[in-house]
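Enquirer: Pasting a structure here, questions to come.
No lab work stands behind these numbers, since they all come straight from the coordinates. On a predicted model such as this, the values are computed, not experimentally measured, just so you know. Glycine also receives a Cβ, built like all others from the backbone with ideal geometry; neighbour counts cover every protein chain displayed.
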Amino acid sequence: MKKKALLLFFLLFFLFSTMEIVSIVNADSGCSPNWMQTGTFCTYLSESSSIGFADNSFVLLKDNKSVIYRWECKSITNNTATLEISLQYNVNNSQVILNSSILVDTRTKCVYLLNGSNIGQTRLWMEPTPVDGQNVTIWDVPPEHVGGTITSIVYGKTLYCDTPEGQQAAFLVQGSGTIKGVPIASSATYEFDTGIMINGNMLNDPTLLSINVKNISSRLELLETNIDLGPKETMFEILSYIPAVAISVAIITILGVLLFRLRKRKKMSHAR
């Protein structure tokens, strides 16, 4: 009986060890995200004062500072996704729309123009479910390399962030280096279960460069997506209702006390 138990223990140990090794290899080699499908999209909003272009010109946004950035997967074949990129903004009460089609290797996040030119790695998503303190690659196009560090625990607690689907567990990626010869301090927050960018700066991101845009002056914030961002942190929503519920209970209690006293006075006056 002891031999069988010992054999079972070693079999389980071997099984879990093998699974761990496979997960490490997959994490290092990069995996295609399972949410990337035809029709998948993300829309971001940025309240920006300016947009900088690849030729170093720029446009100032005065009256309407809202900039809409959107990507949508038009097709995917063998880990290569065709994405449609669009940027919408207003200048002098006139709407401007820039758009392009690009190819993205969903495992490496390398972005290619339709002519096959590699223009870099996008920061629109990262590998999901990372470990706090883990080192990751933000940009790796020789001779340039930008590394980053994961932060998913803040003051001993899980990091959370607002998304279109409510509060979600998240992780922050920060790093610095040069991209396309331009020094950057990259900072972006990603949803924990999918790795989708929730907010971040996009200086010299190749998806923007595909429409000849170098930078949007303010951070992009996720406005809408059809990607299931994972389990919602309902506790935050419950806590958000507490003030309103408390005020309602207080008002009802006060009205109840006033009504009780009013009836009591009426009864006392009738008794006299």
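Enquirer: What spacing in nm lies between the two simple spin-label points modelled at I252 and R107, each 7 Å away from Cα in the Cβ direction?
Expert: Between I252 and R107, the simple spin-label model gives 5.9 nm.
Enquirer: Sticking with this one: Determine, from the Cβ-Cβ distance of Q174 and S75 and an R0 of 35 Å, the FRET efficiency 1/(1 + (r/R0)^6), rounded to the nearest 0.05.
Expert: So, using R0 = 35 Å, E works out to roughly 0.55.
Enquirer: Taking other Cβ within 10 Å of each residue's Cβ, how do I97, I85, I119 sort, fewest first?
Expert: By the 10 Å Cβ count, ascending, the order reads I97, I119, I85.
Enquirer: For a 28 Å ceiling on Cα separation, which of these pairs sit above it: K109/K157; K74/K157; K109/K180; K157/K180?
Expert: Long pairs (Cα-Cα over 28 Å): K109/K157; K74/K157; K157/K180.
Enquirer: Highest mean first, what order results for 146-154, 215-223, 58-66 on Cβ atoms within 10 Å?
Expert: 215-223, 146-154, 58-66
Enquirer: In what sequence do C42, C31, C73 fall when counting other Cβ within 10 Å, fewest first?
Expert: C31, C73, C42
Enquirer: So, R0 is 22 Å and r is the distance between the beta-carbons of F41 and I97; what FRET efficiency does that work out to, to 0.05?
Expert: 0.90
Enquirer: Mind pulling the per residue volume of the convex hull built on the Cα atoms of the stretch 31-225? Å³ is fine.
Expert: 124 Å³
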